[in-house]
Amino acid sequence: MDYTVFLLASTREHFERTGDPSEAVRASIAHTARPIIAAAGVMVAVFLTFGLAGTLPMKEMGLILAVAVLADAALVRLILVPAILQLVGSAAWWLPGWIDRLLPDVRYAH
């Protein structure tokens, strides 16, 4: 979930700055892909160390978790979520007027 929040916050920041959803997706991937893959790599390395454990269930758990984290970070966070944002375009950031009036005005851009 942290990967998604990191990616979406960056995309929203770029969208607020440029107003172009395609550019926002490209720029957010450029800024967040390395940290997302690095964090996933750390988790994969930790889970693969379970493979050094003596019991078979620990080895299985370590391998399964490592594959799951790598697939989640690479496929879901860096391919699927940006693809959906690209397809949806500006509608991804649409907010109904009545909710907009209730919520505080929070900007992500610096």
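Restricting attention to region 75-110, report how many residues are under 16 Å from S28 (Cβ atoms) and assigned to a helix (DSSP H, G or I).
17
Cβ-Cβ below 7 Å, separation at least six or inter-chain, first residue in region 80-108 and in contact (Cβ under 8 Å) with a residue 60 or more places away in the chain, second β-branched (V, I, T) and surrounded by 10 or more Cβ atoms within 10 Å (Cβ to Cβ): which pairs?
V81/T4; P82/V25; P82/I29; L85/T11; L85/V25; Q86/V25
Quick one: would you say A68 is closer than 22 Å to V42 by Cα, at pLDDT 90 or above and assigned to a helix (DSSP H, G or I)?
On the way: closer than 22 Å to V42 by Cα: yes; at pLDDT 90 or above: yes; assigned to a helix (DSSP H, G or I): yes.
Yes; evaluated as a whole, the condition is true for this residue.
Scan region 6-18 for residues that are under 15 Å from the mean Cα position of the chain (by Cα) and surrounded by fewer than 16 Cβ atoms within 10 Å (Cβ to Cβ) and jot them down.
A9
Given the condition touching a Phe, Trp or Tyr at 6+ places or on another chain (Cβ under 9 Å) and either exposed (fewer than 10 other Cβ atoms within 10 Å of the Cβ) or among the acidic types (D, E) (or both), answer yes or no: does some residue in region 61-69 qualify?
no
Residues of region 19-38 being over 11 Å from the mean Cα position of the chain (by Cα) and under 16 Å from V76 (Cβ atoms), which ones?
Across region 19-38, the qualifying residue is only V25.
For residues that are among the charged types (D, E, K, R) and surrounded by 10 or more Cβ atoms within 10 Å (Cβ to Cβ), scanning just region 70-110, find the one that is nearest to F6 (Cα to Cα).
Residues of region 70-110 among the charged types (D, E, K, R): 72, 77, 100-101, 105, 107.
Those still in the list that are surrounded by 10 or more Cβ atoms within 10 Å (Cβ to Cβ) too: 72, 77, 100.
Details: D72: 14, R77: 10, D100: 22 Å.
Of everything passing the filter in region 70-110, R77 is nearest to F6 (Cα to Cα).
Are there any pairs with C-beta distances below 6 angstrom linking a residue in region 1-19 that is modelled with pLDDT under 90 to a residue that is charged (D, E, K, R) and in a helix (DSSP H, G or I), with the two at least 6 apart or on different chains, and if so which?
From region 1-19, the pairs are Y3/R77.
The values are calculated or read from the model by the stated rules, or taken from the named source; none is laboratory data. These figures come from a predicted structure and were not determined experimentally. Methodologically, a virtual Cβ is constructed for each residue, glycine included, from the backbone with ideal geometry; neighbour enumeration extends over all protein chains shown.
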